[in-house]
Structure formats: structure tokens, C-alpha cells
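Undergrad: Take a look at this one; I'll ask things after.
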């Protein structure tokens, strides 16, 4: 197991000034966006479903007024070459502080945790694992379209998160690794001051606990999440570390960007054929979208 060096985040834990009321996220609209993603089929890199989804995503971001950046790259995982592409939607001022919100949009090519061995070669449908984070970020995009934030907000849809094999943590998070490598240097314009990853946040039995790497290396961002949960009256964000996971926040932490992972890892359909729409809730999507909106409009990070 890798050891983790503590990187403290020197941000004051106070409520930031509001940039006006941002509006209310729409859980039903977010759930419909999960349904739309599933209609493309599993978004496995290299498939038409993956490419068609990405075209739809870019069109949605452009419709909502984002400046869209696309990061196409090739990566090799376990002797397999993958054509991958991150999509970034930028909102708000072009200068000054920036906040990054991330979600992966790819589907895992194999249901290796399925209880039925005959199904383990099938791709994961990706309703919650991938689809929920994308839906939350697009719900935030709706709010950013309606009300310009006081600081820059980057919605980062990363590819190739779920290509890794068990026991090979470096094979995961290919898109966020590429994104981190492309960031401006510390102190340069355009580099995010903090990053928030949303992964598996839409399940019906929602429970968000502190993630171990986040708690150790971005303590104040974890506190910020709890402040957001209190402010938005979330009933499903809890204190205490329950899991320590490899996810898209790690490449950012390694690059020196404070980052936190919001994830419900207690999700029985994880990496199975049961990761379908019936296990995702509009209420959960709305609850997490409210937390994300609070971060970009009302937290200390939202002050220019």
C-alpha cells in the first residue's frame, strides 16, 4: 500500500460571501441525464457509445455557455492502447481564482465484481459509476448558465478512470493524470485553487463519508464539504473515514492541487451489471448538486 505524505491546505474555514442565490438544482432533470447516458450504451473508450456521448456532452456544455476545451490523448494500460479525451467546460471570469469540479464519464469495460461469472466480461452500464457524477456537473452547469459565478469554475469530465485491473492502482485515473500534467505551474493563471471529485453520488441509499486520502491530504476541503452539507441541510454526508480509495483526486493531490473525493463506496452494484437506472435517485442527485452549487457560489472559495 502506498504511503501518503500529508499536504495541509491553508484555507480559512469560514463561509464565503454569496454571489446571489444560485437557484435550485433539479433532481428530476439530473436523473433524466443519467437516463440519456445509459441510452448511448456503456461508454467504454473506443466504442461508438463513448464517442456519441462525448458529442452530446460537448453540445450540452456549449448550449449552456461554457468555453469548451478538449484534451485528446493516447494512453496505454496493460499493453492496450486507448484513445481518450477529457472535456472541460469553463465558466465565469477568465482571470483570478478557479475551482475545478471533476467526474469521469467512461464506463468500466468489465463487470469483474458481478456475482454471476458469466457476466463478468460484459461492460458496466455505468448509471451511478460515471453517470451520476456527470449528471451532477451538468446540473451545476445549468446554474452557472443562469447566474455567472464570481470566480472561475471548470467542470472537468475525465476519461479513462476505470480501465485498471485489481492490484494495479496506477492503471486507473488515466484522464485525471493527463489533466494534472497539463495544468499550469503553481501560482500561474488558470491553475485551480481546489478540486472536488464527484463519483458514485446518485445511489438510492446514499451515504457520503470522508475518504481517507482526502482527509489526510486536504483536511480543510473535507471540512468545507461538511460546511456545505450543513448549509444545504444534507442528511447523507457523515463524518469519519470509511474507505480510502484510488480515484481522480489522487493525480491532483500528487500535482499539488488540494482535492477531495465525494464518493459513496458502499454501493453493492459497483462494477456489476446491476449498476442501472433503478439504483439511482433524483433526490440523491439533487442533494449532491446542492452541495456542489454551494461550493461554487457561497463557500470561501467563491470569493474573488
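The values are calculated or read from the model by the stated rules, or taken from the named source; none is laboratory data. The model shown is predicted, which means the values in this text are computed figures rather than measured ones. Here the Cβ is made from the backbone with ideal geometry for all residues, glycine too, and neighbour counts use every protein chain on show.
Undergrad: For residue 101, are the conditions met, namely being over 22 Å from residue 250 (Cα atoms) and surrounded by 14 or more Cβ atoms within 10 Å (Cβ to Cβ)? Reasoning before the result, please.
TA: Details: over 22 Å from residue 250 (Cα atoms): no; surrounded by 14 or more Cβ atoms within 10 Å (Cβ to Cβ): yes.
Judged against the criteria, residue 101 is not a match.
Undergrad: Within 23 Å of residue 138 (Cα to Cα), in a strand (DSSP E or B) and modelled with pLDDT of 95 or more, is that true of residue 261? Give the derivation first.
TA: Details: within 23 Å of residue 138 (Cα to Cα): yes; in a strand (DSSP E or B): yes; modelled with pLDDT of 95 or more: yes.
So residue 261 fits the description; yes.
Undergrad: Please verify whether the stretch 232-243 includes one or more residues that are under 13 Å from residue 176 (Cβ atoms), in contact (Cβ under 8 Å) with a residue 24 or more places away in the chain and not in a helix (DSSP H, G or I).
TA: There is no residue in the stretch 232-243 that is under 13 Å from residue 176 (Cβ atoms), in contact (Cβ under 8 Å) with a residue 24 or more places away in the chain and not in a helix (DSSP H, G or I).
Undergrad: Scan 228, 292, 215 and give me the residue that is crowded, with 19+ Cβ neighbours inside 10 Å, assigned to a helix (DSSP H, G or I) and either out of contact with any strand residue (DSSP E or B) (no Cβ under 7 Å at 6 or more places or on another chain) or at pLDDT below 95 (or both). Give the derivation first.
TA: On the way: 292 fails: either out of contact with any strand residue (DSSP E or B) (no Cβ under 7 Å at 6 or more places or on another chain) or at pLDDT below 95 (or both); 215 fails: either out of contact with any strand residue (DSSP E or B) (no Cβ under 7 Å at 6 or more places or on another chain) or at pLDDT below 95 (or both).
The match here is 228.
Undergrad: Would you confirm whether any residue within the stretch 145-163 is surrounded by fewer than 23 Cβ atoms within 10 Å (Cβ to Cβ) and at pLDDT below 95?
TA: Taking every residue of the stretch 145-163 in turn, none turns out to be surrounded by fewer than 23 Cβ atoms within 10 Å (Cβ to Cβ) and at pLDDT below 95.
Undergrad: Further question on the same structure: Which residues, taken from the stretch 187-212, are out of contact with any helix residue (DSSP H, G or I) (no Cβ under 7 Å at 6 or more places or on another chain) and part of a strand (DSSP E or B)? Walk me through how you get there before you give the answer.
TA: Of the residues in the stretch 187-212, the ones out of contact with any helix residue (DSSP H, G or I) (no Cβ under 7 Å at 6 or more places or on another chain) are 187-192, 205, 207-209, 211-212.
Answer for the stretch 187-212, where residues must be out of contact with any helix residue (DSSP H, G or I) (no Cβ under 7 Å at 6 or more places or on another chain) and part of a strand (DSSP E or B): 208, 209, 211.
Undergrad: Still on this model: For the stretch 231-241, enumerate the residues that are surrounded by fewer than 16 Cβ atoms within 10 Å (Cβ to Cβ) and in contact with a strand residue (DSSP E or B) (Cβ under 8 Å, 6 or more places away or on another chain).
TA: Quick first cut of the stretch 231-241, residues surrounded by fewer than 16 Cβ atoms within 10 Å (Cβ to Cβ) only: 231, 233, 235, 238-241.
Across the stretch 231-241, the qualifying residues are 238, 239, 240, 241.
Undergrad: To continue, here is another question. Pull up the stretch 256-281, narrow it to residues that are closer than 25 Å to residue 99 by Cβ and in contact with a helix residue (DSSP H, G or I) (Cβ under 6 Å, 6 or more places away or on another chain), then point me to the one that is surrounded by the most Cβ atoms within 10 Å (Cβ to Cβ).
TA: Taking the candidates together, the pick is 261.
Undergrad: Something else now. Can you spot a residue in the stretch 185-202 that is surrounded by fewer than 19 Cβ atoms within 10 Å (Cβ to Cβ) and farther than 21 Å from residue 303 by Cβ?
TA: Residues of the stretch 185-202 that are surrounded by fewer than 19 Cβ atoms within 10 Å (Cβ to Cβ), as a first pass: 185-191, 193.
If we keep only those that are farther than 21 Å from residue 303 by Cβ too, we end up with 185.
Among the residues of the stretch 185-202, at least one is surrounded by fewer than 19 Cβ atoms within 10 Å (Cβ to Cβ) and farther than 21 Å from residue 303 by Cβ, which makes the answer yes.
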